[in-house]
């Protein structure tokens with residue numbers, strides 16, 4: 001059984017799905033990467049994007065797009081992050 005982390009408790013309190021809450025949702029949700037539910041966590045996800053261990057390029061591209069979308073919603077400067085776009 002997966003360990004319930006504090007960040008997972010936060011997700012449940014906010015009543016968000018893993019897909020809404022994380023840039024790289026996984027099963028079980030406690031294995032998900034890069035929470036993006038608020039401005040602070042989105043900035044952190046941008047900063048740690050290239051340090052995260054993605055399963056494959058497709059997951060990395062999907063996470064990149066979700067982080068970019070969250071950054072725009074929170075009005076975070078994205079110019080430097082655009083340089084990290086996976087190819």
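The values are calculated or read from the model by the stated rules, or taken from the named source; none is laboratory data. All values derive from a computational prediction rather than experimental measurement. All Cβ positions, even for glycine, are placed from backbone atoms using ideal geometry, and neighbour counts span all protein chains on display.
Only residues that are more than 17 Å from residue 4 (Cβ to Cβ) and exposed (fewer than 15 other Cβ atoms within 10 Å of the Cβ) were counted across the range 16-43, and they come to 5.
Taking the criterion of being over 22 Å from residue 76 (Cα atoms) and part of a helix (DSSP H, G or I), the residues of the range 19-59 that qualify are 29, 30, 31, 57, 58, 59. The single condition among (1) modelled with pLDDT of 95 or more; (2) on the phi < 0 side of the Ramachandran plot; (3) loosely packed, with under 13 Cβ neighbours inside 10 Å that residue 75 does not meet is (2).
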